[in-house]
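See below for the structure under consideration.
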Amino acid sequence: MDPFAPTPVSRKASDCRVTGAALWFLPVQTRVPLKFGTEALTSVTCARVRLRIVGRDGRSAEGWGETPLSVQWVWPSPSPYAPRHEALKLFCEFLTKAWANFADWGHPLELGHDFTELLLPRLREDFNASFLESGRSLRSSAPAEAMPWLAALVCCSAFDLALHDAFGNLHGWPTYATYGAEFLNRDLAAFLQPAADLSVSFSGKFPADFLRPQRLDRLRAWHLVAGLDPLDATELRGDEPDDGYPVLLSDWIRRDGLKCLKIKLRGNDAGWDYARLVKVGQIAVAHDVEWLTADFNCTVREPAYVCEILDRLRDEHPRLYGMLLYVEQPFPYELTEHPIAVHGVSARKPLFLDESAHDWKLVRRGRELGWTGVALKTCKTQSGALLSACWAQAHGLTLMVQDLTNPMLAQIPHCLLAAHVPTIMGVETNAMQFYPKASAPEAKVHPGLYQRQDGGVELCSIRGPGFGYRLDEISRELPAPAAAFGS
């Protein structure tokens, strides 16, 4: 018996299985660079996926998912960009065949969980052995390195999203209406284990028990103040785009009515980080912005670095300190390799896992180390985001939904997640800052999602089954598929 095969427990008449998968690559160019850690993103490839499924009654449906393959975020490395980018695309092609051949029956949460937990690690291992451990990537002469787990998870997320969309389309229900006992075969106890220090039980509970009874149709929008963004005219370099969109922070605030700013910091230059916090904070106060958050870029090695900056801000600029709603992921990605106790930071401000929160098990480990919140991302799979949201809420952790600069279709499930889980404040959404024209066809159908107004985004245009993309109304011409398997 295959030890990687999931236990066959599916039994609902509503169950589905995958019969085919197709993959497209959509290149996007940024209007201004976006810095991640030590690298700057100037372009991105979005992986768009279509899955076909069949129900037990023989009816079929298709669903769509999309994820930006943001190399600098999913695979930080001093090695050349091109081989990493090519490896992500190749792995998506690898996954297209694997998903088309994934013949188990069940609910998308069950199938997505089983694929990610039981098959994806082996697929990543096989991929690394076949294409990377030889020292050369398949299509590049540059030296290669093993693809990290976060990169594999992001590649898989487009397929997982498409499965959740397809299931809603199959049954004529919005995807978020399918997360209760009437559709799922397994309760949350089949997926989640509580922390040892709390009497939490997941028996008889389903994701629907942890979602808002009714989605929000308007969300506060967080604007990203990236590390390379000019704050005022003294910081202009002369090569900024003249394309009708703002460049300076104050112009963005006025145009979009912004009330929430996320500040990207360096994490290895305390003087620069402090000065940046203060300068952005002062601009925020001058323009009636209400909330700030700080993202230290995963480069901090000692909690004292963050604590000292926070304490100085508290003492010298108490108003700005009060506006700081939470702090995001100052420390390295891998909690198992860097188990840093962070209680000193979280005693000062809520501290949110982001890059480290691959799944609920790492959220549990983060809680043990002193983290108090979780930043969810659909790019780590819809299934994984739901399970992490349930585990976190059951254990008193606060939620946020963070962006991967999601354009086009990727924006819709991203905002839907924030509309259905109780976030600390709205949703981060910044694709309109870095590549606004990329989403022009989708914006004609969903204008409120791709243009921030009065400090927020609107979801009223999302309707119908699945994720409510309304794809038949979106005039986007796709290139030839990069891969296609099955019916």
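Bear in mind these aren't lab numbers, they're just calculated from the coordinates by the rules spelled out. Owing to the predicted nature of the structure, the values given are computational and were not obtained by experimental measurement. Positions of Cβ are generated from backbone atoms using ideal geometry, with glycine treated the same way; all protein chains shown enter the neighbour counts.
Points to keep in mind about this one:
- Placing unit charges on each Cβ (+1 for Lys and Arg, -1 for Asp and Glu) gives the chain a dipole about its Cα centre, and among Phe94, Phe296, Phe159 the Cα reaching farthest toward its positive end belongs to Phe159.
- Here's the list of lysines a cross-link from Lys349 could span, going by alpha-carbon distance under 16 Å and ignoring same-chain residues fewer than 8 apart: Lys262.
- Extending 7 Å from Cα along the Cβ direction at Asp243 and again at Val285 yields two label points whose distance is 3.4 nm.
- Cα gyration tensor shape for the stretch 209-466, rounded if a/c is under 1.5, else prolate or oblate: oblate
- The chain: C-alpha gyration tensor shape, a/c 1.5 cut-off, then a/b vs b/c: rounded
- Lysines with Cα under 25 Å of Lys89, excluding same-chain neighbours fewer than 8 positions away: Lys35, Lys97, Lys377, Lys380, Lys437
- Note on Lys264: aspartates and glutamates with a C-alpha under 17 Å away, same-chain residues under 8 apart excluded, are Glu39, Asp229, Asp232, Glu235, Asp273, Asp295, Glu328, Asp354, Glu355, Asp403, Glu428.
- Protection proxy ranking, highest mean first, for peptides 20-33, 251-264, 232-245: 251-264, 20-33, 232-245, where packing is the per-residue count of other beta-carbon atoms within 10 Å, averaged.
- Net charge over other residues, Cβ less than 14 angstrom from the Cβ of Trp24 (K, R count +1; D, E count -1): 0
- Axial C-alpha extent at least 15 Å, average Kyte-Doolittle at least 1.0 - helices from the chain (DSSP): 149-171
- Only DSSP H runs of four or more residues enter the estimate; each adds -39500 (n - 2.57), and after division by the residues of the chain the mean residue ellipticity at 222 nm equals -9500 deg cm²/dmol.
- Förster radius 41 Å - calculated FRET efficiency between Glu473 and His343, Cβ distance, rounded to 0.05: 0.25
- Protection-proxy order for peptides 218-229, 76-87, each taking the mean of Cβ atoms within 10 Å per residue, highest first: 218-229, 76-87
- Packing rank of 281-291, 462-472, where each peptide gets the mean count of other beta carbons within 10 Å, highest leading: 462-472, 281-291
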